[in-house]
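The values are calculated or read from the model by the stated rules, or taken from the named source; none is laboratory data. Nothing here was measured: the structure is a model prediction, and the numbers come from that model. Backbone-built Cβ (ideal geometry, glycine too); neighbour counts: all protein chains shown. For the accessible areas, the whole protein counts, side chains as well, though only heavy atoms, and no ligand, DNA or RNA atoms are used. Shrake-Rupley method; radii C 1.70, N 1.55, O 1.52, S 1.80 Å.
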Amino acid sequence: MKCPNCADRMLRPVLTKQGVEVDHCNSCEGVWLERGEIYLFSKKPKPIAAKLKDALEQQRPCAKLSPVSGEAMTEITYPGGLTLEYCPRSGGLWFDAGQLHALLEGERGLHMAYDRHVKETDRWEGSGKPLLAMGTKLMPLPNLVLRSTATLLGLYGLLTVILISAVEFAGVPAHLAVIAGIVAVALQFLIGPFLMDLSLRWLYRMEWVPKEQLPAHLRLFTERVCAEKKVRFPRFGVIDDGAPQAFTYGHTPRNGRIVISRGLFELLEPEETEAVVRWWRMKSAMWSTGTCFS
(Lines give C-alpha, C1' and ligand atoms only; values in the text may rest on other atoms or scores of the structure.)
Protein backbone atom coordinates (compact mmCIF):
# COMPACT_ATOMS: atom_id res chain seq x y z
CA MET A 1 0.00 0.00 0.00
CA LYS A 2 1.25 3.45 -0.92
CA CYS A 3 1.53 6.27 1.61
CA PRO A 4 -1.15 8.95 1.07
CA ASN A 5 1.47 11.64 1.76
CA CYS A 6 4.53 10.18 0.03
CA ALA A 7 3.47 8.92 -3.37
CA ASP A 8 6.73 7.02 -3.88
CA ARG A 9 6.77 5.37 -0.45
CA MET A 10 5.15 2.12 0.60
CA LEU A 11 3.53 1.61 3.98
CA ARG A 12 5.19 -1.03 6.12
CA PRO A 13 3.31 -3.29 8.58
CA VAL A 14 4.51 -2.89 12.15
CA LEU A 15 3.47 -4.63 15.36
CA THR A 16 2.27 -2.55 18.30
CA LYS A 17 2.59 -3.35 21.98
CA GLN A 18 -1.06 -4.42 22.00
CA GLY A 19 -0.25 -7.04 19.40
CA VAL A 20 -2.11 -5.11 16.69
CA GLU A 21 -0.50 -4.79 13.27
CA VAL A 22 -0.81 -1.32 11.72
CA ASP A 23 0.64 0.24 8.57
CA HIS A 24 3.25 2.95 9.01
CA CYS A 25 5.27 5.24 6.74
CA ASN A 26 8.83 5.55 8.01
CA SER A 27 9.30 8.70 5.91
CA CYS A 28 6.45 10.98 7.03
CA GLU A 29 5.64 8.97 10.22
CA GLY A 30 1.98 8.67 9.20
CA VAL A 31 -0.15 5.73 10.37
CA TRP A 32 -2.95 3.91 8.55
CA LEU A 33 -5.56 2.12 10.64
CA GLU A 34 -8.06 -0.28 9.14
CA ARG A 35 -11.75 -0.16 10.07
CA GLY A 36 -12.15 -0.49 13.84
CA GLU A 37 -8.43 -0.70 14.69
CA ILE A 38 -8.53 2.64 16.52
CA TYR A 39 -10.74 1.06 19.18
CA LEU A 40 -8.09 -1.53 20.03
CA PHE A 41 -5.97 1.18 21.67
CA SER A 42 -8.62 2.36 24.11
CA LYS A 43 -10.07 0.71 27.21
CA LYS A 44 -13.26 2.71 26.61
CA PRO A 45 -13.78 2.87 22.84
CA LYS A 46 -17.40 4.08 22.96
CA PRO A 47 -16.49 7.80 23.38
CA ILE A 48 -14.12 7.56 20.40
CA ALA A 49 -16.80 5.81 18.31
CA ALA A 50 -19.36 8.52 19.16
CA LYS A 51 -16.97 11.33 18.23
CA LEU A 52 -15.99 9.63 14.97
CA LYS A 53 -19.64 9.15 14.10
CA ASP A 54 -20.28 12.87 14.56
CA ALA A 55 -17.18 13.75 12.53
CA LEU A 56 -18.19 11.46 9.65
CA GLU A 57 -21.45 13.34 9.24
CA GLN A 58 -19.49 16.31 7.89
CA GLN A 59 -17.11 14.80 5.35
CA ARG A 60 -15.32 17.04 2.86
CA PRO A 61 -13.54 16.20 -0.42
CA CYS A 62 -9.83 15.48 -0.10
CA ALA A 63 -6.97 15.07 -2.56
CA LYS A 64 -5.22 12.27 -0.69
CA LEU A 65 -5.70 8.77 -2.09
CA SER A 66 -6.67 5.78 -0.01
CA PRO A 67 -3.83 3.25 0.33
CA VAL A 68 -6.43 0.47 0.08
CA SER A 69 -8.72 1.49 -2.78
CA GLY A 70 -6.58 4.11 -4.51
CA GLU A 71 -9.61 6.42 -4.60
CA ALA A 72 -9.81 9.91 -3.17
CA MET A 73 -10.52 9.97 0.55
CA THR A 74 -12.65 12.45 2.46
CA GLU A 75 -11.52 14.83 5.16
CA ILE A 76 -13.12 14.87 8.61
CA THR A 77 -12.54 16.99 11.72
CA TYR A 78 -12.32 15.03 14.94
CA PRO A 79 -13.38 16.97 18.08
CA GLY A 80 -10.37 18.93 19.30
CA GLY A 81 -9.44 20.23 15.85
CA LEU A 82 -7.75 17.12 14.42
CA THR A 83 -8.14 16.84 10.66
CA LEU A 84 -8.09 13.22 9.55
CA GLU A 85 -8.54 11.43 6.23
CA TYR A 86 -11.21 8.74 5.91
CA CYS A 87 -11.68 6.07 3.25
CA PRO A 88 -15.43 5.61 2.63
CA ARG A 89 -14.90 2.32 0.81
CA SER A 90 -12.76 0.53 3.43
CA GLY A 91 -13.58 2.52 6.56
CA GLY A 92 -9.89 3.11 7.26
CA LEU A 93 -8.38 6.24 8.78
CA TRP A 94 -5.15 8.04 7.93
CA PHE A 95 -3.26 9.87 10.69
CA ASP A 96 -0.44 12.25 9.90
CA ALA A 97 2.59 12.29 12.21
CA GLY A 98 1.52 12.95 15.80
CA GLN A 99 -2.23 12.93 15.15
CA LEU A 100 -2.90 9.47 16.57
CA HIS A 101 -0.86 10.39 19.64
CA ALA A 102 -2.95 13.55 20.11
CA LEU A 103 -6.24 11.69 19.66
CA LEU A 104 -5.44 8.96 22.17
CA GLU A 105 -3.90 11.40 24.64
CA GLY A 106 -7.20 13.25 24.83
CA GLU A 107 -9.14 10.11 25.69
CA ARG A 108 -9.04 9.84 29.49
CA GLY A 109 -5.27 10.14 29.68
CA LEU A 110 -4.53 7.44 27.14
CA HIS A 111 -1.40 8.02 25.14
CA MET A 112 0.72 6.53 22.39
CA ALA A 113 4.48 6.54 22.58
CA TYR A 114 7.18 5.74 20.04
CA ASP A 115 9.61 3.29 21.60
CA ARG A 116 13.13 4.39 20.69
CA HIS A 117 14.74 1.55 22.65
CA VAL A 118 14.12 -1.29 20.24
CA LYS A 119 16.68 -3.93 19.36
CA GLU A 120 18.57 -3.84 16.10
CA THR A 121 16.75 -7.03 15.07
CA ASP A 122 13.46 -5.12 15.38
CA ARG A 123 14.41 -2.66 12.64
CA TRP A 124 13.17 -2.91 9.09
CA GLU A 125 15.68 -4.28 6.66
CA GLY A 126 17.38 -1.39 4.94
CA SER A 127 16.03 1.19 7.35
CA GLY A 128 17.70 2.81 10.33
CA LYS A 129 14.42 3.73 12.00
CA PRO A 130 12.88 1.65 14.78
CA LEU A 131 9.56 -0.09 14.53
CA LEU A 132 6.49 1.79 15.71
CA ALA A 133 5.42 0.76 19.20
CA MET A 134 2.24 2.10 20.72
CA GLY A 135 1.75 2.03 24.46
CA THR A 136 -1.50 2.55 26.33
CA LYS A 137 -3.05 1.26 29.50
CA LEU A 138 -4.88 -1.48 27.61
CA MET A 139 -4.67 -4.64 29.69
CA PRO A 140 -3.34 -7.69 27.84
CA LEU A 141 -4.84 -11.09 28.29
CA PRO A 142 -3.50 -12.89 31.38
CA ASN A 143 -1.04 -15.74 31.28
CA LEU A 144 -3.55 -18.53 31.72
CA VAL A 145 -0.92 -21.19 32.45
CA LEU A 146 0.39 -19.36 35.50
CA ARG A 147 -3.02 -18.23 36.70
CA SER A 148 -4.61 -21.65 36.27
CA THR A 149 -1.73 -23.36 38.06
CA ALA A 150 -1.70 -20.83 40.91
CA THR A 151 -5.48 -21.08 41.28
CA LEU A 152 -5.49 -24.88 41.39
CA LEU A 153 -2.61 -25.03 43.85
CA GLY A 154 -4.31 -22.47 46.04
CA LEU A 155 -7.63 -24.31 46.00
CA TYR A 156 -6.05 -27.70 46.67
CA GLY A 157 -3.94 -26.20 49.43
CA LEU A 158 -7.03 -24.66 51.02
CA LEU A 159 -8.86 -27.98 50.73
CA THR A 160 -5.96 -29.77 52.42
CA VAL A 161 -5.91 -27.27 55.29
CA ILE A 162 -9.68 -27.65 55.78
CA LEU A 163 -9.51 -31.44 55.80
CA ILE A 164 -6.56 -31.54 58.22
CA SER A 165 -8.34 -29.07 60.50
CA ALA A 166 -11.49 -31.21 60.36
CA VAL A 167 -9.50 -34.28 61.41
CA GLU A 168 -7.49 -32.55 64.15
CA PHE A 169 -10.11 -30.27 65.70
CA ALA A 170 -13.54 -31.58 64.69
CA GLY A 171 -12.88 -35.27 65.20
CA VAL A 172 -13.64 -36.23 61.59
CA PRO A 173 -12.24 -39.73 60.82
CA ALA A 174 -9.16 -39.57 58.63
CA HIS A 175 -10.59 -42.00 56.06
CA LEU A 176 -13.66 -39.76 55.59
CA ALA A 177 -11.39 -36.74 55.09
CA VAL A 178 -9.44 -38.62 52.41
CA ILE A 179 -12.67 -39.65 50.66
CA ALA A 180 -13.93 -36.08 50.79
CA GLY A 181 -10.68 -34.87 49.22
CA ILE A 182 -10.90 -37.42 46.41
CA VAL A 183 -14.52 -36.49 45.72
CA ALA A 184 -13.63 -32.79 45.60
CA VAL A 185 -10.79 -33.39 43.12
CA ALA A 186 -13.00 -35.60 40.94
CA LEU A 187 -15.75 -33.00 40.97
CA GLN A 188 -13.27 -30.32 39.93
CA PHE A 189 -12.11 -32.50 37.04
CA LEU A 190 -15.67 -33.10 35.86
CA ILE A 191 -16.94 -29.52 36.00
CA GLY A 192 -13.62 -27.72 35.39
CA PRO A 193 -14.05 -27.18 31.61
CA PHE A 194 -17.61 -25.94 32.08
CA LEU A 195 -16.48 -23.44 34.71
CA MET A 196 -13.78 -22.35 32.26
CA ASP A 197 -16.47 -21.83 29.61
CA LEU A 198 -18.42 -19.54 31.93
CA SER A 199 -15.42 -17.54 33.11
CA LEU A 200 -14.16 -16.93 29.56
CA ARG A 201 -17.58 -15.80 28.40
CA TRP A 202 -18.16 -13.48 31.36
CA LEU A 203 -14.67 -12.10 31.91
CA TYR A 204 -13.12 -12.10 28.44
CA ARG A 205 -16.10 -11.64 26.10
CA MET A 206 -15.52 -14.97 24.38
CA GLU A 207 -18.01 -16.20 21.79
CA TRP A 208 -18.31 -19.73 20.44
CA VAL A 209 -18.02 -19.69 16.66
CA PRO A 210 -19.72 -22.36 14.49
CA LYS A 211 -17.28 -24.05 12.16
CA GLU A 212 -19.16 -22.63 9.18
CA GLN A 213 -18.12 -19.13 10.31
CA LEU A 214 -14.43 -19.97 10.62
CA PRO A 215 -12.06 -18.91 7.83
CA ALA A 216 -12.36 -21.48 5.08
CA HIS A 217 -8.69 -22.47 5.20
CA LEU A 218 -8.82 -23.06 8.97
CA ARG A 219 -12.06 -25.06 8.81
CA LEU A 220 -10.76 -27.32 6.04
CA PHE A 221 -7.43 -27.79 7.79
CA THR A 222 -9.09 -28.69 11.11
CA GLU A 223 -11.49 -31.10 9.40
CA ARG A 224 -8.55 -32.85 7.73
CA VAL A 225 -6.59 -33.16 10.99
CA CYS A 226 -9.65 -34.42 12.86
CA ALA A 227 -10.31 -37.02 10.16
CA GLU A 228 -6.71 -38.21 10.31
CA LYS A 229 -6.72 -38.49 14.10
CA LYS A 230 -10.32 -39.74 14.30
CA VAL A 231 -11.41 -37.08 16.78
CA ARG A 232 -14.44 -34.82 16.89
CA PHE A 233 -14.25 -31.33 15.43
CA PRO A 234 -13.35 -29.09 18.41
CA ARG A 235 -15.35 -26.09 19.59
CA PHE A 236 -13.75 -22.82 18.57
CA GLY A 237 -14.04 -19.78 20.82
CA VAL A 238 -12.93 -16.28 19.82
CA ILE A 239 -11.95 -13.66 22.42
CA ASP A 240 -12.51 -10.06 21.36
CA ASP A 241 -9.00 -8.86 22.20
CA GLY A 242 -6.14 -7.54 20.10
CA ALA A 243 -3.45 -9.41 22.06
CA PRO A 244 -2.38 -12.63 20.28
CA GLN A 245 -3.35 -15.60 22.45
CA ALA A 246 -4.37 -19.22 21.90
CA PHE A 247 -5.01 -22.08 24.31
CA THR A 248 -6.93 -25.32 24.66
CA TYR A 249 -8.76 -27.14 27.44
CA GLY A 250 -11.19 -29.99 27.98
CA HIS A 251 -11.41 -33.50 29.47
CA THR A 252 -10.20 -35.40 26.42
CA PRO A 253 -9.50 -34.65 22.75
CA ARG A 254 -13.11 -35.59 22.02
CA ASN A 255 -14.51 -32.58 23.88
CA GLY A 256 -11.58 -30.24 23.41
CA ARG A 257 -12.01 -26.51 23.01
CA ILE A 258 -9.70 -24.20 21.09
CA VAL A 259 -9.79 -20.54 22.08
CA ILE A 260 -8.12 -17.95 19.85
CA SER A 261 -8.03 -14.19 20.28
CA ARG A 262 -9.01 -11.90 17.43
CA GLY A 263 -5.50 -10.46 17.50
CA LEU A 264 -4.07 -13.83 16.51
CA PHE A 265 -6.25 -13.97 13.40
CA GLU A 266 -5.17 -10.44 12.47
CA LEU A 267 -1.44 -11.02 12.97
CA LEU A 268 -0.86 -14.51 11.60
CA GLU A 269 -0.84 -15.76 8.05
CA PRO A 270 -3.19 -18.68 7.24
CA GLU A 271 -0.33 -21.19 7.49
CA GLU A 272 0.69 -19.82 10.89
CA THR A 273 -2.88 -20.03 12.20
CA GLU A 274 -3.02 -23.63 11.07
CA ALA A 275 0.23 -24.30 12.94
CA VAL A 276 -1.47 -23.11 16.13
CA VAL A 277 -4.25 -25.65 15.57
CA ARG A 278 -1.68 -28.37 14.85
CA TRP A 279 -0.08 -27.49 18.20
CA TRP A 280 -3.48 -28.13 19.78
CA ARG A 281 -3.37 -31.65 18.37
CA MET A 282 0.03 -32.27 19.99
CA LYS A 283 -1.22 -31.03 23.35
CA SER A 284 -4.54 -32.84 23.14
CA ALA A 285 -2.64 -36.11 22.76
CA MET A 286 -1.36 -35.57 26.29
CA TRP A 287 -4.84 -35.18 27.80
CA SER A 288 -5.60 -37.89 30.29
CA THR A 289 -6.24 -36.27 33.68
CA GLY A 290 -5.69 -32.58 33.01
CA THR A 291 -8.43 -30.14 32.15
CA CYS A 292 -6.60 -27.10 30.87
CA PHE A 293 -3.57 -26.43 28.73
CA SER A 294 -2.52 -23.11 27.23
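Which of the three applies to segment 183-285, rounded, prolate or oblate, going by the alpha-carbon gyration tensor with a ≥ b ≥ c and a/c under 1.5 meaning rounded? Mind showing how you got there, number by number?
Numbers: a/c = 2.09, a/b = 1.26, b/c = 1.65.
The shape class here is oblate.
I need the shape label for segment 207-263. Rule: rounded when a/c is under 1.5, else prolate if a/b > b/c, else oblate, with a, b, c from the alpha carbon gyration tensor. Before the final figure, lay out the partial values.
Details: a/c = 2.16, a/b = 1.40, b/c = 1.54.
Taking the square roots of the gyration eigenvalues as a ≥ b ≥ c, segment 207-263 is oblate.
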### Task
Would you please put 84-91, 258-265, 170-177, 220-227 in order of how densely packed they are, using the mean number of other Cβ atoms within 10 angstrom per residue and starting with the highest?
258-265, 84-91, 220-227, 170-177
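Sorted by packing (mean other beta-carbon atoms within 10 Å per residue), highest first, where do 46-52, 245-251 land? Walk me through the intermediate numbers first.
On the way: 46-52: 14.7, 245-251: 21.1.
Taking the mean over residues of other Cβ atoms within 10 Å, the ranking is 245-251, 46-52.
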### Summary
Whole-Hz Karplus couplings 3J(HN,Hα) for segment 186-202, θ = phi - 60° and coefficients 6.51, -1.76, 1.60, Gly and Pro as x, run 5, 5, 4, 4, 5, 9, x, x, 6, 5, 5, 4, 5, 5, 5, 5, 7
## Note on the structure
A 1.4 Å probe over the protein heavy atoms gives segment 172-283 a carbon and sulfur accessible-area percentage of 65
### Query
Residue by residue through segment 161-173, which ³J(HN,Hα) values in whole Hz follow from phi under the Karplus form 6.51 cos²θ - 1.76 cosθ + 1.60 (θ = phi - 60°), with glycine and proline marked x?
4, 5, 5, 5, 5, 5, 6, 6, 10, 9, x, 6, x
### Query
Using θ = phi - 60° and the Karplus curve 6.51 cos²θ - 1.76 cosθ + 1.60, what whole-Hz ³J(HN,Hα) does each residue of segment 37-46 get, with Gly and Pro shown as x?
5, 4, 6, 6, 9, 9, 6, 10, x, 4
